[in-house]
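Here the structure comes first, spelled out in structure tokens, and everything after it is commentary.
The values are calculated or read from the model by the stated rules, or taken from the named source; none is laboratory data. As the structure is a computational prediction, the values presented were derived from the model and not from experiment. With ideal geometry, Cβ positions are generated from the backbone for all residues, glycine too; neighbour counts draw on all protein chains shown.
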Amino acid sequence: MTSRSETATSCHREEHRQLLFRYVLAHADDNLILAQRLSGWISRAPDLEEDIAMANIALDLLGRARMLLDYAGQLEGRDRSEDDLAMFRSEREFTNLLLVEQPNGDFAHTMVRQFLYDAYQTALWKSLCGSADATLAGIAGKAIKEARYHLRHSGTWLLRLGRGTEESHRRTQRALEGLWRFTAEMFETSETDRKLAGAGLGVEPAGLQPGWERGVEKVFCEAGLQIPNDRFARSGGRSGFHTEHLGLMLAEMQWMQRAYPGMQW
Amino acid sequence: MANERSFVTISVVSAQHPGRARFEALLAAEEKVEPADWMPEGYRKTLIRQIAQHAHSEVIGMQPEGNWISRAPTLKRKAILMAKVQDEAGHGLYLYSAAETLGITRDEMVRLLHEGKQKYSSIFNYPTLSWADIGCIGWLVDGAAITNQVMLTRCSFGPYARGMVRICKEESFHQRQGFQIMETLCRGSAEQREMAQDGLGRWWWPSLMMFGPHDSDSTHSDQSMAWKIKRVSNDDLRQQFVDMTVPQADYLGLTVPDPELRWNPERGHYDFGEIDWDEFWAVVRGNGPMNRERIAHKRAAWYDGAWVRKAASAYAARHTGQVG
Amino acid sequence: MTYSVPRLPEEPDPDLRSKGSRRVSGWLLWEVFIRPRRGLHHVHAGSLHAPDGEIALQSARDVYTRRGEGVSLWVVPSSEITSSDAADAASLFDPTSEKPFRDATFYQVPDEVEWL
């Protein structure tokens, strides 16, 4: 016979599992969508070396997305594979940050987007290395190494673009102004975040913000770039309220599976 | 390296040059010629032309496959395809480096490509119209390339041969992943098999064209063979490819689009039909299905990136004392 | 196939003489050296283009260590390397073959003597 407290614990665990599913899925979506965006640079980069570098980063992000999707599928317990989750969810079911779905724009736009994201990922995975969930901590241990390198790469470029020529400075400043409004969303703390952080499984995004701000401000300052004064923050990605860019991107990404469902490739 | 690169710009060509005997001796002894060695001007020019075209082929070749990265049917296929296209950028880079040891810069080669003065393999002037085309490129185009590249690991010019060793090693997965795509399609639905057959139908003949004109029409082949840049003739390589590939098509249950194809027990080889040489030359002359699009894409990327390259040079000049 | 497109009858040879600067886009040529494993020397792996050392290092990592080829990298501007001249090869390296006594196989050791 099951005691009342055991039932409560098991309910608790079940609740955590479902929360963790949504949490892991949101982070999977961030990486999947940015990988898809970044891969658009392949064969279009400013030089061959950078083509290879961007493809490397896209591959890292895709690899991370796949691990997270796979784990999300296990947590959900409905037998959905990484491809089921990637290809058969609609725009409203994707919970990625709005930042990562923004179009590539020019090289400055992509590098600013990447830098803002890399700085966030570095802080996030560093914290998640300490997650009480062994699988998530394992993924974090791998992700943090990649994220640090990505941050070094985007930071290196930001400095060169910010302090390169008048044109590169202008383009980079413009990119920062276009993207800054999407950064606050990274640190919004939902009920899910709070509960998972309370259980030692996740982290409260708000806690990552001060460190992130100090880090990016330092680099922007070194690069001679001004953080916009505009306090308007656009959010909604975590609850499936996206910009118009995501739908078109998914239409392309999911087309094969939707056109020929149920086949092996 | 540094001094080797500048040394080869010396272009005193005379039959009596003291380096000539040494050059001939190196070839005879199957030793590699290195960039700092004296070499006939024709040898240098032939190599620059060939290595640059090979490099351009790798880089332009990123486009037809890159066309399917965003639409790859599964995330695993997407990852494999991205890694493969990225490898091609790497291979282009290794080859540009090999050509640079001959006293030409990458910028110069890129300019010649953009101006249509240096070409790339015609195969990349065909479009990728379905997922099966990604399979066909790996299976047939990389298959044909490997046949050729294995030969080039024995090329007499050291940097080219070394580059080829590295490329062959890295490319070993390329052909396999292509064949695996085809195999999966052929074991799938009727629609998928149709996709695979359509792909083979469009890629078979262009793949055979990759080996170039008949030996009897290949005016520069003899000299390249004598210089040991090229080790096997076009027709021999093509035959080797057909003999290798037809049984694979049979295994897949696909029909090779050549009514004259049949095993010839006397020769111990497959007999096959004649290539449409009018199409072949039309594509070489720039009138293939995708010639203009490929170059336009490449030029756009290069010119769009100009301000980035300039910014990085300006930064380096100011912060590291290196002059741009 | 040679990846080289057959030459058209009317196709001219492009002028391959270097036009002044070798760095049209302003980026230097770098040589990359990789230490494959701890305990081994750095070995020349190839070259690449980069505007400065940091980007050269990152590109070297991305271009030449995609398959776990190394644990440490050096990048050196190609122009900083001084190399021997091929024409001097005979005078630099042939004389060593006159000194076989530098090689252990030069010496005969009686079969019954061990550890030598």
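Which of (1) in contact (Cβ under 8 Å) with a residue 12 or more places away in the chain; (2) within 20 Å of B:Arg292 (Cα to Cα); (3) more than 10 Å from chain A (Cβ to nearest Cβ); (4) surrounded by fewer than 23 Cβ atoms within 10 Å (Cβ to Cβ) does B:Gly103 not meet, given it meets every other one?
All conditions pass for B:Gly103, except number (2).
Does the stretch B:128-138 include one or more residues that are without any contact (Cβ under 8 Å) to a residue 12 or more places away in the chain, under 27 Å from B:Trp281 (Cα atoms) and not basic (Lys, Arg)?
The answer is no, given that none of the residues of the stretch B:128-138 is without any contact (Cβ under 8 Å) to a residue 12 or more places away in the chain, under 27 Å from B:Trp281 (Cα atoms) and not basic (Lys, Arg).
Identify, from the list A:Ser131, A:Ser127, A:Ser154, A:Ser168, the residue that is in contact (Cβ under 8 Å) with a residue 12 or more places away in the chain and not in a helix (DSSP H, G or I).
Of the residues listed, the single one that is in contact (Cβ under 8 Å) with a residue 12 or more places away in the chain and not in a helix (DSSP H, G or I) is A:Ser131.
Suppose the filter is under 26 Å from A:Met253 (Cβ atoms), buried (at least 19 other Cβ atoms within 10 Å of the Cβ) and in contact with a helix residue (DSSP H, G or I) (Cβ under 8 Å, 6 or more places away or on another chain); does A:Ala72 pass it?
yes
Residues are listed down the side, and each one gets a yes or a no for (1) within 11 Å of chain C (Cβ to nearest Cβ); (2) over 16 Å from the mean Cα position of the chain (by Cα); (3) of a type in the set (Asp, Glu); (4) over 18 Å from B:Thr153 (Cβ atoms):
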{"residue": "B:Trp205", "(1), (2), (3), (4)": "no, yes, no, yes"}
{"residue": "B:Leu208", "(1), (2), (3), (4)": "yes, no, no, yes"}
{"residue": "B:Gly212", "(1), (2), (3), (4)": "yes, no, no, yes"}
{"residue": "B:Ser224", "(1), (2), (3), (4)": "yes, yes, no, no"}
{"residue": "B:Leu237", "(1), (2), (3), (4)": "yes, no, no, no"}
{"residue": "B:Phe241", "(1), (2), (3), (4)": "yes, no, no, no"}
{"residue": "B:Met244", "(1), (2), (3), (4)": "no, yes, no, no"}
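Would you check which residues across the stretch A:84-94 are in contact with a helix residue (DSSP H, G or I) (Cβ under 6 Å, 6 or more places away or on another chain) and surrounded by fewer than 21 Cβ atoms within 10 Å (Cβ to Cβ) and list them?
Within the stretch A:84-94, A:Met87, A:Glu91 meet the criteria.
If you go through the stretch C:36-82 one residue at a time, how many are at negative phi and either of a type in the set (Val, Ile, Thr) or not in a helix (DSSP H, G or I) (or both)?
Adding up the residues that qualify gives 31.
Identify all residues within the stretch A:1-53 that are surrounded by fewer than 21 Cβ atoms within 10 Å (Cβ to Cβ) and among the polar types (S, T, N, Q); write none if there are none.
A:Thr2, A:Ser3, A:Ser5, A:Thr7, A:Thr9, A:Ser10, A:Gln18
Give me the residue from the stretch B:87-99 that is more than 7 Å from chain C (Cβ to nearest Cβ) and touching a residue at least 60 places away in the same chain (Cβ under 8 Å) and, out of that set, nearest to C:Ser79 (Cα to Cα).
Restricting to residues being more than 7 Å from chain C (Cβ to nearest Cβ) and touching a residue at least 60 places away in the same chain (Cβ under 8 Å), the top hit is B:Ala98.
Does A:Met87 qualify as being closer than 22 Å to B:Ala89 by Cβ and of a type outside the set (Phe, Trp, Tyr)?
Here the answer is no, as A:Met87 does not meet what is asked.
Determine whether B:Arg193 is within 14 Å of chain A (Cβ to nearest Cβ), in contact (Cβ under 8 Å) with a residue 60 or more places away in the chain and of a type in the set (D, E, K, R).
yes
So which of B:Tyr315, B:Tyr303, B:Tyr251 is surrounded by fewer than 13 Cβ atoms within 10 Å (Cβ to Cβ) and within 14 Å of chain A (Cβ to nearest Cβ)?
Just a single option satisfies the conditions, and that option is B:Tyr303.
Scan B:Val141, B:Val150 and give me the residue that is out of contact with any Lys or Arg (no Cβ under 6 Å at 6 or more places or on another chain), among the aliphatic types (A, V, I, L, M) and modelled with pLDDT under 90.
That would be B:Val150, the only listed residue that is out of contact with any Lys or Arg (no Cβ under 6 Å at 6 or more places or on another chain), among the aliphatic types (A, V, I, L, M) and modelled with pLDDT under 90.
Give just the number: which of (1) within 15 Å of the chain's Cα centre (by Cα); (2) part of a loop (DSSP other than H, G, I, E, B) does A:Trp212 not satisfy?
Condition (2) is where A:Trp212 drops out.
What number of residues within the stretch A:217-249 satisfy the criterion of being of a type outside the set (Val, Ile, Thr) and farther than 20 Å from A:Leu158 by Cα?
Total meeting the criteria: 19.
Looking only at the stretch C:23-56, how many residues end up being over 19 Å from B:His319 (Cβ atoms), within 12 Å of chain B (Cβ to nearest Cβ) and not hydrophobic (A, V, I, L, M, F, W, C)?
Here the count works out to 4.
Within the stretch B:2-23, does at least one residue satisfy the condition of being assigned to a helix (DSSP H, G or I), at pLDDT 95 or above, within 23 Å of C:Val63 (Cα to Cα) and in contact with a Gly (Cβ under 9 Å, 6 or more places away or on another chain)?
no
Please specify each residue of the stretch B:43-79 satisfying the condition of being within 20 Å of A:Gln254 (Cβ to Cβ) and facing chain A (nearest Cβ under 7 Å).
B:Gly66, B:Ile69, B:Ser70, B:Arg71, B:Pro73, B:Thr74, B:Leu75, B:Arg77, B:Lys78, B:Ala79 - these are the residues of the stretch B:43-79 that are within 20 Å of A:Gln254 (Cβ to Cβ) and facing chain A (nearest Cβ under 7 Å).
Consider A:Glu14 against the criteria (1) of a type outside the set (A, V, I, L, M, F, W, C); (2) within 30 Å of C:Leu29 (Cβ to Cβ); (3) free of Cβ contacts under 8 Å to residues at least 12 places away in the same chain: it satisfies all of them except one. Which criterion is unmet?
Status for A:Glu14: all satisfied but (2).
Considering only residues that are in contact with a Ser or Thr (Cβ under 9 Å, 6 or more places away or on another chain) and within 18 Å of A:Thr189 (Cα to Cα), look in the stretch A:214-246 and name the one that is surrounded by the most Cβ atoms within 10 Å (Cβ to Cβ).
My answer is A:Gly237.
Please indicate, with yes or no, whether at least one residue in the stretch C:62-76 is touching a Phe, Trp or Tyr at 6+ places or on another chain (Cβ under 8 Å), within 11 Å of chain B (Cβ to nearest Cβ), acidic (Asp, Glu) and more than 25 Å from B:Val33 (Cα to Cα).
Scanning the stretch C:62-76, I find no residue that is touching a Phe, Trp or Tyr at 6+ places or on another chain (Cβ under 8 Å), within 11 Å of chain B (Cβ to nearest Cβ), acidic (Asp, Glu) and more than 25 Å from B:Val33 (Cα to Cα), so the answer is no.
Of the conditions (1) hydroxyl-bearing (Ser, Thr, Tyr); (2) within 23 Å of C:His42 (Cα to Cα); (3) at pLDDT below 90, C:Ser78 clears all except one; give me its number.
(3)
So which of B:Met82, B:Met109 ends up being assigned to a helix (DSSP H, G or I), free of Cβ contacts under 8 Å to residues at least 24 places away in the same chain and either surrounded by fewer than 24 Cβ atoms within 10 Å (Cβ to Cβ) or within 13 Å of chain A (Cβ to nearest Cβ) (or both)?
The unique qualifying residue is B:Met82.
Would you pick out the residues in the stretch B:175-197 that are of a type in the set (D, E, K, R), over 13 Å from A:Gly262 (Cα atoms) and assigned to a helix (DSSP H, G or I)?
Result: B:Arg176, B:Glu183, B:Arg193, B:Glu194.
Return the only residue of A:Glu6, A:Glu76, A:Glu15 being away from chain B (no Cβ under 14 Å), of a type outside the set (Ser, Thr, Tyr) and over 30 Å from A:Ala184 (Cβ atoms).
Exactly one of A:Glu6, A:Glu76, A:Glu15 is away from chain B (no Cβ under 14 Å), of a type outside the set (Ser, Thr, Tyr) and over 30 Å from A:Ala184 (Cβ atoms), namely A:Glu6.
Give the residues of the stretch B:102-116 that are among the basic types (Lys, Arg) and within 24 Å of B:Gly158 (Cα to Cα), sorted by residue number.
B:Arg106
Just one of A:Thr192, A:Thr172 is among the hydroxyl-bearing types (Ser, Thr, Tyr) and surrounded by fewer than 24 Cβ atoms within 10 Å (Cβ to Cβ); which is it?
A:Thr192
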